[in-house]
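Chemist: There's a structure below that I have some questions on.
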Amino acid sequence: MDNKHEVVVVGGGYAGVMAANRLTQRDDVRVRVINPRRVFVPRLRLHQLVGETHEAVVDYEDILAEQVELVVDSVTRIDPAARTVVLDGGGEIAYDYLIYAVGSGIPTPPVPGAAEFAYPVATLEAAQRLRSVLLDTPMTASVTVIGGGPTGVETAAELAEQGRKVTLVCGSSLVPYLHPKARRTAHKYLAKLGVAVIEGPEAAVTEVTRDAVRLGADWTLKSDLTIWTAGFGVPDLAGRSGLRTDAAGRLLTDETLTSVDDDRIIAAGDCSAPSDLPFRMSAYVAYCLGAQAADTLLARLAGEQARPVDLAFPAMCLSFGRDAGIYQLGHKDETAMRLYFGGAVGKKLKEIACEAGIKHLAAEAKKPGSHRWFKDGTYRPARLRAQSDGTAVPVA
Ligand SMILES: Cc1cc2nc3c(=O)[nH]c(=O)nc-3n(C[C@H](O)[C@H](O)[C@H](O)COP(=O)(O)OP(=O)(O)OC[C@H]3O[C@@H](n4cnc5c(N)ncnc54)[C@H](O)[C@@H]3O)c2cc1C
């Protein structure tokens, strides 16, 4: 027995890898990352996997610190009382502290037929399956992408650029986060690629069948292949393990990212809901929260007070195939600025942002403790006060 603090990180995505790497600042901590795959999945490339422009995998060797052990398995249950995790492959691992970083995945579509007939994109396996289905689907077939968020737009653009006939059904509006000016540009890029965009009140999907998508009560759109990207899903591991979650299934934590039920469990990334006021789901937020989760644990081990999370979401970026992009700058209140970069510059900035995630993980592996992020300062504390007072949310 070497008396090391045993830390188990559940999930080897952006949040889990960043947290694991950062924890190696201390020699008396043994870190194990449990993840179902032997490779890291940069999920923000999954639409490119579908469009055959990227494989969407990275070797853990390139981003995980040498001292961190990778256990290729899935956790089926956390037992907070016994401080163990149960593995799908059999057996248990004991921990002193657990970082909960299981991310997000495939949404459960709320309309009849969608789970059966529409293909999701949001996990490696789902994207690989969709790509192989597309390989057997004639180029003349009609493809409908449901969901006007970034995943839907990027997937639609990628397939249209291949020469496919794509309709994008957006719901109320195309990428609601975008500033109206940037949204007009997004429409222009999609039109140039030949994507037919349906948005507004009539764009509510009510049913998916084998060869059609029904909108509202009486509009039927022929669809040889339907792709579902709307909404998001979160693994239900926390809830199944008796830990409190928000309505979507994200682990409820305080502002240091510590579970409200157990101070040995710290959450980060898409699966965390600090103060029931979760951050935007994104790779950038995930690896910054991963760093914060590690800092909370390191403070606890040092007998110090952990600091509350302080993180701003500075920008959103979208690709429209391989030649155009939009890099939308944002205010601290998560509304979009008028300022955005489009065209080749937007595309270049999007590519830099995608690569930056991997570079930050690799940098933290080599120099743990080095990652820095954009601070919010006052906006989140004001939002939290407004949440507890029941008053209006302040604008930055
Ligand atoms: C098509 C697409 C495009 C996107 N584009 C962008 C973008 O442009 N910019 C951006 O910032 N974000 C984008 N995102 C979102 C971004 O990918 C996620 O927000 C980010 O991956 C979240 O990181 P994470 O570490 O929280 O979780 P994940 O990256 O989801 O990693 C979680 C890991 O935990 C593993 N896991 C799950 N359950 C268990 C279990 N029980 N036991 C062990 N391991 C488990 C998973 O397999 C996974 O490896 C996109 C997402 C998609 C799908």
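The values are calculated or read from the model by the stated rules, or taken from the named source; none is laboratory data. Keep in mind that what you see is a predicted model, and the values were worked out from it rather than measured. Counting neighbours? That spans all protein chains shown, and the Cβs are built from the backbone with ideal geometry, glycine included. Protein only, heavy atoms only, side chains kept; ligands, DNA and RNA dropped before computing areas. Shrake-Rupley method; radii C 1.70, N 1.55, O 1.52, S 1.80 Å.
Chemist: Would you please classify the overall shape of segment 55-174 from the alpha carbon gyration tensor, given that a ≥ b ≥ c denote the square roots of the eigenvalues, rounded means a/c under 1.5, and beyond that prolate means a/b larger than b/c while oblate covers the rest?
Modeler: Cα axes put segment 55-174 in the prolate bin.
Chemist: Another question about this same structure. Starting from the Kirkwood Rh over alpha-carbon pairs, what translational D in µm² s⁻¹ does the chain have by Stokes-Einstein at 10 °C and 1.306 mPa s?
Modeler: For the chosen part, D equals 73 µm²/s.
Chemist: Please list the helices of the chain that count as membrane-span-like by this rule: a mean Kyte-Doolittle hydropathy of at least -1.0 together with Cα atoms stretching 24 Å or more along the helix axis, each helix being a complete DSSP H run.
Modeler: Sorted by number, the helices that extend far enough and score high enough are 283-301, 343-366.
Chemist: Here is a follow-up. Could you work out the relative contact order of the chain? I mean the mean sequence separation of Cα pairs under 8 Å and 6+ apart, divided by the number of residues, in percent.
Modeler: Normalised by residue count, the contact order of the chain is 18 percent.
Chemist: Based on the inverse mean of 1/r over its pairs of different Cα atoms, what is the Kirkwood hydrodynamic radius of segment 178-264, in Å?
Modeler: Its Kirkwood hydrodynamic radius stands at 17.1 Å.
Chemist: Per-residue HN-Hα couplings for segment 52-59, Karplus 6.51 cos²θ - 1.76 cosθ + 1.60 at θ = phi - 60°, whole Hz, x for Gly and Pro?
Modeler: Ordered by residue, 3J(HN,Hα) equals 6, 10, 6, 8, 6, 9, 9, 6 Hz.
Chemist: Of 52, 304, 202, which has the largest mean-square fluctuation in a 10 Å C-alpha GNM of the chain?
Modeler: With Cα springs under 10 Å in the chain, the top fluctuation among 52, 304, 202 is at 304.
Chemist: Please compute the length gained on full extension between residue 87 and residue 131, using 0.36 nm multiplied by the number of residues separating them and subtracting their Cα-Cα distance.
Modeler: 12.8 nm
Chemist: Once all Cα-Cα distances of segment 251-340 are split into 5 Å bins that start at 0, what whole-number percent is in each one?
Modeler: Percent of Cα pairs in each bin: 3, 14, 21, 20, 14, 11, 8, 5, 3, 1, 0.
Chemist: Given just the C-alpha atoms of segment 114-228, how large is their convex hull per residue in cubic angstrom?
Modeler: 95
Chemist: Checking the cross-link filter: which lysines have an alpha carbon closer than 17 Å to that of residue 359, excluding same-chain neighbours under 8 positions apart?
Modeler: Within the straight-line limit of under 17 Å, residue 359 reaches these lysines: 348, 350, 367.
Chemist: List the lysines whose Cα sits under 20 Å from the Cα of residue 165, skipping any in the same chain fewer than 8 residues away.
Modeler: In chain and number order, the partners are 188, 192, 222.
Chemist: Stretch residue 57-residue 204 to full length: gain in nm at 0.36 nm per residue minus the Cα-Cα span?
Modeler: Here the answer is 49.5 nm.
Chemist: Taking every DSSP beta bridge with both residues inside the chain, roughly what % is antiparallel (nearest 5)?
Modeler: So the antiparallel bridges in the chain amount to around 45 percent.
Chemist: So for the pair residue 72, residue 302, with labels modelled 7 Å out along Cα→Cβ, what separation do we get in nm?
Modeler: Using points 7 Å along Cα→Cβ, the separation is 3.6 nm.
Chemist: Right, something else. Taking every DSSP beta bridge with both residues inside segment 114-228, roughly what % is antiparallel (nearest 5)?
Modeler: 35
Chemist: Taking 25 °C and 0.890 mPa s as the conditions, I'd like the Stokes-Einstein D for segment 167-312 in µm²/s, using the Kirkwood hydrodynamic radius from alpha carbon pairs.
Modeler: Details: Rh = 18.3 Å.
Rounded, D is 134 µm²/s.
Chemist: Could you please state how large a percent of the accessible area of the chain is carbon and sulfur, counting protein chains only and using a 1.4 Å probe?
Modeler: On the way: 8930 of 17270 Å².
Result for the chain: 52 percent of the exposed heavy-atom area is carbon or sulfur.
Chemist: Oh, and also: Please compute the contact order of segment 114-228 in relative form: average sequence separation of alpha-carbon pairs under 8 Å and at least six residues apart, divided by the residue count, as a percent. Can you show the working numbers first?
Modeler: Values: 200 pairs, mean separation 36.0, N = 115.
After rounding, I find 31 percent.
Chemist: Let me ask another. Could you tell me the center-to-center distance, by alpha carbons, between segment 40-100 and segment 220-245 in angstrom?
Modeler: One Cα centre to the other: 20 Å.
Chemist: Sticking with this structure for a sec: Calculated FRET efficiency, residue 344 and residue 3, Cβ-Cβ r, R0 45 Å, to nearest 0.05?
Modeler: 0.20
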